[in-house]
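Participant: Once you've had a glance at the structure underneath, I'll fire off some questions.
The values are calculated or read from the model by the stated rules, or taken from the named source; none is laboratory data. Just so you know, these numbers come straight off a predicted model, no measurement behind them. With ideal geometry, Cβ positions are generated from the backbone for all residues, glycine too; neighbour counts draw on all protein chains shown.
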Amino acid sequence: MLRFKHGDINHLEKILEANANQFPNGIMVATDGVFSMDGDIANIPAILTLCKKYGAILLIDDAHATGVIGHKGAGTLSHFGINDRDNIIVTGTLSKAVGTVGGYITASQEVIDYLRIYARSNMFSTSLPPSVCAGAMEVFKKMDTSDVVGKLNQNAQYLQKELRNAGFNILNTETPIIPLIVGNATILTYMVKDAFDNGYFINDVTPPVVPPNLTRFRISVMASHTREDMDGLVELLIKLFDKYELPRYVK
């Protein structure tokens, strides 16, 4: 397994170029669709072009893209308008936007048949309860027949704009996952408690999940949040950064 640098298409090509001839049985390129810590979206068109050039299979983890981006929340391939699914495997979960448990894989019938027989994680698992499947299906129907995904992304864009206007570093997020860099893990724990005491539940992300200098709030916006909710959060964050004497824009 070789890792390519985050979002660095040139680095990915160097790895593929150096290794394509050494692995005649094939290479798989794996990437998130929406990255869970930074909220940005993988450049799937560019990655797919390289996969075709070097004969690689593309695996996309759509855990944080399902129900969030693409037409009616259909995910990363839909977001980029990619209809050709040859040599593409998409994995996802029902435990994020869908709000149940379990996961799924979409691929060619040949790949699915192979996984059913050889994948230990499938062989030693049990079927999802029918009630869970029924609940997930209702969520997908809701996505398809309402504008809940559109409302979600409107809220994400609004809160991103307000946080940037207030001077906070939210990296290059494009989604409802909004990282807000704090940089000090100890102070962050105090701030999380203060936020909770004021009615806001925000995840804190500390090392080793992220580098020490990128310790952060991980804000997750929902379609049901109101403008008042979001404005109140921005006001609270400003007060907390002032309280602990932190610069708003932490690099």
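Participant: Against the definition (part of a helix (DSSP H, G or I) and of a type in the set (Asp, Glu)), how does residue 242 come out, yes or no?
Facilitator: When the stated conditions are applied, residue 242 passes them.
Participant: Ok, one more. Which residue out of 196, 168, 217 is closer than 17 Å to residue 239 by Cβ, modelled with pLDDT of 95 or more and in a loop (DSSP other than H, G, I, E, B)?
Facilitator: Exactly one of 196, 168, 217 is closer than 17 Å to residue 239 by Cβ, modelled with pLDDT of 95 or more and in a loop (DSSP other than H, G, I, E, B), namely 168.
Participant: Looking at the range 183-211, which of its residues are among the hydrophobic types (A, V, I, L, M, F, W, C) and within 20 Å of the chain's Cα centre (by Cα)?
Facilitator: If the condition is that a residue be among the hydrophobic types (A, V, I, L, M, F, W, C) and within 20 Å of the chain's Cα centre (by Cα), then 201, 202, 205, 209, 210 are the ones that fit.
Participant: Select from the range 204-214 the residues that are assigned to a loop (DSSP other than H, G, I, E, B) and free of Cβ contacts under 8 Å to residues at least 60 places away in the same chain and list them in ascending order.
Facilitator: Within the range 204-214, 206, 207, 208, 211 qualify.
Participant: Ok, one more. Looking at (1) farther than 18 Å from residue 92 by Cα; (2) not in a helix (DSSP H, G or I), which is the one condition that is false for residue 131?
Facilitator: Condition not satisfied by residue 131: (2).
Participant: Kindly indicate the residue of the range 116-160 that is exposed (fewer than 12 other Cβ atoms within 10 Å of the Cβ) and basic (Lys, Arg) and also modelled with the highest pLDDT among those meeting that condition.
Facilitator: 141
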